[in-house]
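Shown next, in C-alpha cells, is the structure this report addresses.
The values are calculated or read from the model by the stated rules, or taken from the named source; none is laboratory data. For clarity, every value in this text was computed on a predicted model and none was experimentally measured. Here the Cβ is made from the backbone with ideal geometry for all residues, glycine too, and neighbour counts use every protein chain on show.
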Amino acid sequence: MIDPSTGSENGPAGADGAGPETGPASTTDSVPAGELGSEPDAVQPAPTGVSRRGLLGLVGAGAAGVAIGAGAGVAGGMAFARADDGGAAASAYEFFGAHQAGITTPVQDHLHFAAFDMMARTDRDDLVSLLQDWSYAAARMTRGLDVSATGAVGGSPEAPPDDTGEAIGLGASGLTITFGFGPTLFEIGDADRYGIADRRPAPLERLPSFLGDDLDPDGSGCDLCIQACADDPQVAVHAIRNLSRIAFGRARIRWSQMGFGRTSRTTSAQQTPRNLFGFKDGTANILAGDRAALDAHVWVGAADAPAWMTGGSYLVARKIAMLIETWDRVRLSEQNSIIGRDKGEGAPLSGGDEFTDPDFQKTDAAGAPLMPAVSHVRLAHPESNDGIRILRRGYNFVDGNNDLGRLDAGLFFLSYQRAPEQFVRLQRSLSTDVMSEYIRHVGSGVWAVPPGATPATFIGAGLFE
C-alpha cells in the first residue's frame, strides 16, 4: 500500500452551465485523509515509493527539470501573485477517493496543464510503472510533501535531489492533480503498443472539426494529460515539473499551458469569476453538491462501458484565443447582446439578477426577444440543447504578445462530461454564436479520466485488469 506521508448552460467558450454544493471539506471527488472505505483488491500492488525507473528519471533529468512544450504560458501564470494567506497554504485535498480530485473540487486560482506522449519503444510495463510512480508522487505532493521521503534536501549531497525544491514552505496550497488517457494511448493507426486497444472506451475518439477551428497540431492531443491546479502558481508548476522528471525515459511533455484567474466555480461559496472579455463566466455551472446533475452529466455510470471507467469522466480541453483588441472596441450594448447578459451584474438580458433563469420568450415593446437568438447564453443553454450540461473548469491565460504587439491571451477551456458527445453537441450549437467573430480555437484535446485510486492501487489500475 502507498503511504504518501512516509517514504515507504455551460457552453464551451462562454458564460454559462446549478444546484446546492459542498465546501472544501466535502467535495465529491476527494475525501479527507483517513476516511476512505474498504479498499478493493489491487490489480497490481502499488509501489511504496518511486520505482527504480522513476528514480533514474529524477537523476537523469537533473537540475534541468521540465522542458516546457509548445504553448506554455509562462507569462500567464507566474506573473500573478501567489496567495499570501495561511489558509491557502494549509488547505489540502485527498488524492485518493471514488473520483479523482480536481473535477468538483473548489476551483483553485492557478493551473498548469501538461500533455505527454509516451516515448518510442516503451512497453506495457513502462506505462504501468509510470502511472504507479505518478500516483505515489501525486499523493505526496497534494499533502504538501516532497515527491519522495528524501525529497529536495534529505538525500546524498553528492547526488541530484529527488525533488526540485521550489515548493518548500508553500504547503499543499489546495493542490489537486488529475490524470487523463488520450485516444492515442490505446492505439495509433494499427499499433497497439500497450495491449490495451480492446479496452479503449468507445466514446474516446478524436474530436471532430468545428467551424472556426485553427488548431495547432503541436498543441493538441497527446497520449496522457495532467491537470495541476493550486492556489499558488509555484505549487502547480512544481507538480508538473517533478512529474515530468519522474517520467524521464518513458514519457515527455509535448505541450503545456499555464492559467490564472479561474473562469468557473464549483461551489456557491465561490464568487462567479470574470473572463478576459470582462463578463462573469460559469454562472450556471454544475456545482459539487448537485449529486443528481453530476451523476447525470459528469460521472461515467455503471451502465456505461467499459467498466473500468465507472466513476470517471471525460475531459475536453480547448485553447481559445481571444481577439482582445477587437473586442475592446465593441460598444457595451453590443457586447451585452453578444453574450446575452449584463456586463456589470451578470444578469440575463431578460431581467432579474445573475442567478435568474433566462426567459427566452420575453420580448421588448417592439416584439423583439430580449435574449437575442444568436446570443452565447441562449445557444449554450440546456433548454436549447435537449438538457445537455457539462462541468466547466477553465482558466484565463496570457502568453505575452504576438508579433503585432497584441495580447496573446484567451481562455483555456476545460470541461468534464459523462461522454464527449455532450461537448460536441454544445460546440455545434455555437456555430451561429456571434461571439465566434472574436475568438479562435487554436488547441484541442480529449482524454478519458479514470476514477480515483485507493492507497492500494494507482490511477488507471482497472485498465490493466
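Screening region 429-450 for residues that are of a type in the set (Gly, Ala, Ser) and outside any helix (DSSP H, G or I) and picking the one that is nearest to Val300 (Cα to Cα) gives Ala448.
Picking from residues in region 155-189 that are hydroxyl-bearing (Ser, Thr, Tyr) and outside any loop (DSSP other than H, G, I, E, B), the one that is nearest to Ala202 (Cα to Cα) is Thr184.
Selection of region 129-149 for residues being part of a helix (DSSP H, G or I) and over 13 Å from Val235 (Cα atoms) yields Ser129, Leu130, Leu131, Gln132, Asp133, Trp134, Ser135, Tyr136, Ala137, Ala139.
Looking only at residues in region 171-206 that are within 30 Å of Asp146 (Cβ to Cβ) and among the aliphatic types (A, V, I, L, M), the one that is surrounded by the fewest Cβ atoms within 10 Å (Cβ to Cβ) is Ala172. From the residues in region 296-325 that are among the charged types (D, E, K, R) and surrounded by fewer than 24 Cβ atoms within 10 Å (Cβ to Cβ), which one is nearest to Ala101 (Cα to Cα)? Per the stated criteria, the residue is Asp304. Note on region 203-240: among residues that are among the hydrophobic types (A, V, I, L, M, F, W, C) and in a loop (DSSP other than H, G, I, E, B), the one that is nearest to the chain's Cα centre (by Cα) is Cys222. Candidates Gly443, Gly405, Gly400, Gly367: the one that is over 19 Å from Leu211 (Cβ atoms) and modelled with pLDDT of 95 or more is Gly400. The criterion of at least 3 residues that are modelled with pLDDT of 95 or more and more than 30 Å from Gly460 (Cβ to Cβ) is met by the following helices (runs of 4 or more DSSP H) wholly inside region 272-356: 324-327, 332-339.
Remark: pairs (first residue in region 83-106, of a type in the set (Gly, Ala, Ser); second residue at pLDDT 95 or above and part of a helix (DSSP H, G or I); Cβ separation under 8 Å; 6+ apart in sequence or on different chains) are absent. For first residues located in region 157-176 and at positive phi, partners that are assigned to a loop (DSSP other than H, G, I, E, B) and of a type in the set (Phe, Trp, Tyr) and lie 6+ apart or on another chain with Cβ distances below 9 Å form the pairs Gly174/Tyr93. Every condition in (1) surrounded by fewer than 23 Cβ atoms within 10 Å (Cβ to Cβ); (2) at pLDDT 95 or above holds for Thr457 except the one numbered (1).
Output yes when any residue across region 408-423 is part of a helix (DSSP H, G or I) and within 16 Å of the chain's Cα centre (by Cα), and no when none is. Scanning region 408-423 turns up at least one residue that is part of a helix (DSSP H, G or I) and within 16 Å of the chain's Cα centre (by Cα). For region 272-295, the set of residues classified as surrounded by 24 or more Cβ atoms within 10 Å (Cβ to Cβ) and among the acidic types (Asp, Glu) consists of Asp281 only.
Select from region 245-271 the residues that are among the hydroxyl-bearing types (Ser, Thr, Tyr) and surrounded by fewer than 24 Cβ atoms within 10 Å (Cβ to Cβ) and write down the one among them that is modelled with the highest pLDDT.
Thr267
In this structure, Phe360 does not qualify as of a type in the set (A, V, I, L, M, F, W, C), under 28 Å from the mean Cα position of the chain (by Cα) and part of a loop (DSSP other than H, G, I, E, B).
So, Gln108, is that one crowded, with 24+ Cβ neighbours inside 10 Å and either in contact with a strand residue (DSSP E or B) (Cβ under 8 Å, 6 or more places away or on another chain) or not in a helix (DSSP H, G or I) (or both) or not?
Yes; evaluated as a whole, the condition is true for this residue.
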